[in-house]
1. Kindly indicate whether Leu197 is among the aliphatic types (A, V, I, L, M) and in a helix (DSSP H, G or I).
2. Which pairs have Cβ atoms under 6 Å, sit 6 or more apart or on different chains, and link a residue in the range 13-38 that is over 29 Å from Pro208 (Cα atoms) and more than 11 Å from the ligand (Cβ to nearest atom) to one that is of a type outside the set (A, V, I, L, M, F, W, C) and at pLDDT below 95?
3. Hey, among Gly176, Gly159, which residue is more than 16 Å from the ligand (Cβ to nearest atom) and not hydroxyl-bearing (Ser, Thr, Tyr)?
4. Does any residue in the range 67-80 that is farther than 11 Å from Ala133 by Cβ come within less than 8 Å, Cβ to Cβ, of a residue that is acidic (Asp, Glu) and near the ligand (Cβ under 7 Å from one of its atoms) six or more places away or on a different chain, and which pairs are these?
5. Evaluate the range 80-102: report whether one residue or more is of a type in the set (Val, Ile, Thr), in contact with a strand residue (DSSP E or B) (Cβ under 6 Å, 6 or more places away or on another chain), more than 18 Å from Val179 (Cα to Cα) and at pLDDT 95 or above.
6. Identify, from the list Glu54, Glu101, the residue that is more than 13 Å from the ligand (Cβ to nearest atom) and over 26 Å from His203 (Cα atoms).
7. Yes or no: Gly164 part of a loop (DSSP other than H, G, I, E, B), within 14 Å of the ligand (Cβ to nearest atom), surrounded by 15 or more Cβ atoms within 10 Å (Cβ to Cβ) and not aliphatic (A, V, I, L, M)?
8. Hey, does the range 122-132 have a residue that's within 15 Å of the ligand (Cβ to nearest atom), surrounded by 21 or more Cβ atoms within 10 Å (Cβ to Cβ) and under 18 Å from Ser40 (Cα atoms)?
Amino acid sequence: MVNRAQRRLLPPSGLIAMTASDRQSHWQTVYQTKGEQQVSWSQADPQPSLGLIESIAPDRDAAIIDVGGGASRLVDALLASGFHDLTVLDLSEAALASARERIGAAGAAVRWIADDATVWQPQQAFDIWHDRAAFHFLVEETDRMAYLDRLHRGVRAGGHAVIGTFALDGPEKCSGLPVERYDPATLSRTIGPAFELIAEVPHRHVTPWGATQSFQFSVLRRK
Ligand SMILES: C[S@@+](CC[C@H](N)C(=O)[O-])C[C@H]1O[C@@H](n2cnc3c(N)ncnc32)[C@H](O)[C@@H]1O
């Protein structure tokens, strides 16, 4: 039975809304209990993210943040490509610790932030904001609005957002959680007129166990 107080928390889908603390404990448990080959999103070669970032930031001094970066190998690849102003933000300290340990001394220059992207306060405006498969977990309007507020403050005018989500024909859930699926047009509308959609890349991700997932990557320029 759902009581009256709980009913007020119910999103239109009828699911109980996830609080920031539920989210944190979900993801912390995932990274504490599963290895890289046991999570669907894992990638040895972080494409198309790396190629998109290299194409919009020929200047290796670009300040880049990977939001919901988890234990992704994107930060390793960016360091290898010559970028050096890197920040990785994720809810899960376990994910960040595993990336930091893997990278070793080269990771000393990376800023690691354990926080929720809907709560964190950006202290600078980045040249590039990258998000692969974190934004799409925000299925509640209030969470999306909080994230988009940080996105607007966290990207400088003329800077870029590279956002990868499940595409309209992608999975409806990931890691047992519902996701919001987008095409570039709906993502661009959701983000709002302060960002202009300048490129879109469909991507078929192959999970470690050989399943294929349909993603879309959008590149948006902050006006
Ligand atoms: C599907 S994984 C993708 C990880 C990474 N981007 C990659 O491509 O390997 C989703 C990641 O988003 C993080 N995440 C989910 N919601 C978040 C939030 N509100 N704030 C910060 N990180 C979040 C999770 O901890 C997890 O690492």
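The values are calculated or read from the model by the stated rules, or taken from the named source; none is laboratory data. This structure is a prediction, so every number in the text was calculated from the model and none was measured. Virtual Cβ from ideal backbone geometry, glycine too; neighbours counted across all protein chains shown.
1. Values: among the aliphatic types (A, V, I, L, M): yes; in a helix (DSSP H, G or I): no.
Considered against the rule, which asks whether it is among the aliphatic types (A, V, I, L, M) and in a helix (DSSP H, G or I), Leu197 comes out as no.
2. Once the first residue is over 29 Å from Pro208 (Cα atoms) and more than 11 Å from the ligand (Cβ to nearest atom) and sits in the range 13-38, its partners that are of a type outside the set (A, V, I, L, M, F, W, C) and at pLDDT below 95 give Ala17/Pro11.
3. Numbers: Gly176 fails: more than 16 Å from the ligand (Cβ to nearest atom).
Gly159 is the lone residue from the list that is more than 16 Å from the ligand (Cβ to nearest atom) and not hydroxyl-bearing (Ser, Thr, Tyr).
4. Leu74/Asp66; Val75/Asp66
5. Taking the range 80-102 as the starting set, the residues that turn out to be of a type in the set (Val, Ile, Thr) are 87-88.
Filter once more, so that each one left must be in contact with a strand residue (DSSP E or B) (Cβ under 6 Å, 6 or more places away or on another chain): 87-88.
Next, from what is left, pick out any that are more than 18 Å from Val179 (Cα to Cα): 87-88.
So of that shortlist, the ones also at pLDDT 95 or above come out as 87-88.
Yes: one or more hits.
6. Working: Glu54 fails: over 26 Å from His203 (Cα atoms).
Of Glu54, Glu101, the one residue that is more than 13 Å from the ligand (Cβ to nearest atom) and over 26 Å from His203 (Cα atoms) is Glu101.
7. Numbers: part of a loop (DSSP other than H, G, I, E, B): no; within 14 Å of the ligand (Cβ to nearest atom): yes; surrounded by 15 or more Cβ atoms within 10 Å (Cβ to Cβ): yes; not aliphatic (A, V, I, L, M): yes.
Criteria not met by Gly164.
8. The answer is yes; a qualifying residue exists.
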